[in-house]
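Undergrad: Quick one: this structure, given as structure tokens, is what I'll be asking you about.
Quick note: the coordinates plus some simple rules give every number you see, no bench work behind them. On a predicted model such as this, the values are computed, not experimentally measured, just so you know. For neighbour counting, all protein chains shown are included, and Cβ atoms are generated from backbone atoms with ideal geometry for every residue, glycine included.
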Amino acid sequence: MEVKNMICIVCPIGCHLEVKNIHGKYIVKGNQCIRGREYGIKELTNPTRVLTSTVKVNKAHLSRLPIKTKGGIPKNKINECIEEINKVELDAPIKIGQIIIENIQGTGVDVIASRSI
Amino acid sequence: MLNYDIVIIGAGPAGLAAAVEAKKGGVDNILVIDRDRELGGILQQCIHNGFGLHEFKEELTGPEYAERFIQQLINLDIEYKLNTMVLDITQDKVVHAINMEDGYMTIKAKAIILAMGCRERARGAIAIPGTRPAGIFTAGTAQRYINMEGYMVGKNVFVLGSGDIGLIMARRLTLEGARVSAVAEIMPYSGGLTRNLVQCLDDYNIPLLLSHTIVDIQGKDRIEGVVVSKVDNNRKPIPGTERYYECDALLLSVGLIPENELSKSAGIEIDQMTNGPIVNESMESTVEGIFACGNVVHVHDLVDYVSQESRQAGSNAAKYVKDMLIRKGTTLKTKPGDGISYIVPQIIRTDNLEKHLDVFMRVKDVYSNSKLVVKVDGVSVREIKKKHMTPGEMERIKLDFKLLKDINDSVISIEVEREVV
């Protein structure tokens, strides 16, 4: 049996959840609404995060370009993704939304520029 | 002297939204002034996501949120001046400003919108004892260095204060390869949003030390470490609880102060609780024709609410220029009651209300299962149940127009009442 305590971030109340996995059956305690239950199960089974960082940029008025993953990536892949992002060096001009890394670390998610520079 | 209908000071989220709305309100002759080299204000360094959930129904990063408003400004052909510092504003609405291209200029405006935002409290504001070495930054300064200029501030970092910028920087530093030993917070609760506590600290196993503060900073040229102590209920350090944390950088996230030097020189009355201009339902200050919006009025936790408030200021400034704001008629005052630290707006002229009025406030403490009680001259007129309230999250209630009309010279108070179980 797997038990995890977490704070729900769906709304400002911040319920303290206890999520149990009993042979693939999930029991959420401490939530005050249905959305808390969904959040708890997702956090236990497949937690994802949108990763934001910067990459080096040349020929611009700034030396860093902000980037983000276009969707959530698995939480346990954040370190690998950051390592790959840190290797990137680009020249301006760059358009907002432009793909910087395609399908980063096989997550199926692209890394895009979050501003024009 | 230059002449404009509306001059907006500050091109951050507040100034941009106000400008766009003023133009949509039918005023063409608008000038936006900013001292930075580009539009967007502080959003350009806030590269994390979570902006725009209310405004655009999606999670954007700061620069993306800024770009959407900048695009509107450009599409509407609104004039702006960058690298321009406003030196003074007078009560008769003359703006004194200076830049490298135009030199010194005076600008006569029919209406002014103050959108200067706020700045961070620094070490001096909280009087931390110890030496004065290099390596002590406000969280926002570190954010600008790392996210825009490309400089790292340290490898082993301690964060004092659990405001949102501090939490976000704790994560950011970790992702950039630094070790963040802990975040200390003098209060028994965090000053930041729960979502940031979870996604910035818990995700990266960064400890949050509640009821703790720094009692000594050590190091001669560069900071070498901090001594952290537990505090009692009166926020006084408890002797014997000291612990040393080695670090080569200290980040301070200890609050924001609305930047109101210009407001004061224009003779605008400042609310002692918000540290921002006293405003009415139209976001107009106590000086006729000078409006204010965003963090210069009160510190917001969501940019979405800044945009919303600033649109009010923009459209009302346009109405003012077209002589459509009603100056006389019934006037009410708002007053923070028990458990509430401030309310914005402070003055309500009911004749200018259309349907309802958004009232913003902060509670003084953490409350669960309580209610906000709205009273007119001491008589309860509305109760709103609240499961959870904390000073870190601004409360907003909509007051119905019907509730406010036909009462003159009254005081509307809002207070927290604990539910009797």
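Undergrad: Could you calculate, for region A:2-45, the ratio of the Cα radius of gyration to the Kirkwood radius, expressed as Rg to Rh?
TA: Ratio of gyration radius to Kirkwood radius for region A:2-45: 0.93.
Undergrad: Would you compute the Debye intensity of region B:308-421 from its alpha-carbon atoms alone, equal scatterers and no solvent, and pass along log10 I(q)/I(0) at q = 0.12 Å⁻¹ to two decimals?
TA: -0.45
Undergrad: Now for a different question. Which shape class applies to chain B: rounded if a/c is under 1.5, otherwise prolate when a/b exceeds b/c and oblate if not, where a ≥ b ≥ c are the square roots of the Cα gyration tensor eigenvalues?
TA: oblate
Undergrad: Relative to the Cα centre, what is the charge dipole magnitude of region A:2-45, using +1 at the beta carbon of each Lys and Arg, -1 at the beta carbon of each Asp and Glu, and rounding to the nearest 20 debye?
TA: Taking the Cα centre of region A:2-45 as origin, the dipole is about 100 debye.
Undergrad: A further question follows. Tell me the label-point distance for the pair B:R179, B:K333, using the 7 Å Cα-to-Cβ offset, in nm and rounded to one decimal.
TA: 5.6
Undergrad: With a point put 7 Å past each Cα toward its Cβ, work out how far B:K371 is from B:D358 in nm, to one decimal.
TA: The two pseudo-label positions are separated by 2.5 nm.
Undergrad: Then there is this: Amide H of A:L51: which non-local residues (sequence gap of 5 or more, or other chain) have their own amide H closer than 5 Å, using H built in the peptide plane?
TA: It is A:T69, A:I73, by chain and number.
Undergrad: Just grab the label-to-label distance for B:R382 and B:K398, each label 7 Å out from Cα along the Cβ direction, in nm (one decimal).
TA: Spacing of the two 7 Å Cα→Cβ label points: 0.9 nm.
Undergrad: Looking at this model, which pairs from B:K236/B:K375; A:K59/B:K220; A:K77/B:K371; A:K87/B:K230; A:K77/B:K385; B:K333/B:K386 are more than 32 angstrom apart at the alpha-carbon?
TA: Details: B:K236/B:K375 36 Å; A:K59/B:K220 38 Å; A:K77/B:K371 43 Å; A:K87/B:K230 42 Å; A:K77/B:K385 41 Å; B:K333/B:K386 24 Å.
Violating the 32 Å limit, Cα to Cα: B:K236/B:K375; A:K59/B:K220; A:K77/B:K371; A:K87/B:K230; A:K77/B:K385.
Undergrad: Would you please put B:231-243, B:212-224 in order of how densely packed they are, using the mean number of other Cβ atoms within 10 angstrom per residue and starting with the highest?
TA: B:212-224, B:231-243
Undergrad: Let me ask something else about it. Shielding of A:60-68 by partners, i.e. mean partner chain Cβ atoms within 10 Å per residue?
TA: 6
Undergrad: Return the FRET efficiency for the residue pair B:E242, B:E288: r is the Cβ-Cβ distance, R0 is 41 Å, and the value is rounded to the nearest 0.05.
TA: Calculated transfer efficiency: 0.15.
Undergrad: Counting DSSP beta bridges in region B:158-264, what percent are antiparallel, to the nearest 5?
TA: Within region B:158-264, antiparallel bridges account for around 55 percent of the total.
Undergrad: How large is Rg/Rh for chain A, to two decimals, with Cα atoms and a Kirkwood Rh?
TA: With Rg and the Kirkwood Rh in hand, the quotient comes to 1.13.
Undergrad: Let me check the size of region A:52-113 from its C-alpha atoms; what are the radius of gyration and Dmax in Å?
TA: When restricted to Cα atoms, region A:52-113 yields Rg and Dmax of 11.3, 34 Å.
Undergrad: With a sphere of radius 10 Å drawn around the Cβ of B:V297, what net charge do the other residues whose Cβ falls strictly inside it have (Lys, Arg +1; Asp, Glu -1)?
TA: With Lys, Arg at +1 and Asp, Glu at -1, the neighbours total -2.
Undergrad: Semi-axes of the equivalent ellipsoid of the protein assembly as shown: what are they in whole Å, largest first, if each equals the square root of 5 times a C-alpha gyration tensor eigenvalue?
TA: Gyration-tensor ellipsoid for the protein assembly as shown: 37, 30, 25 Å.
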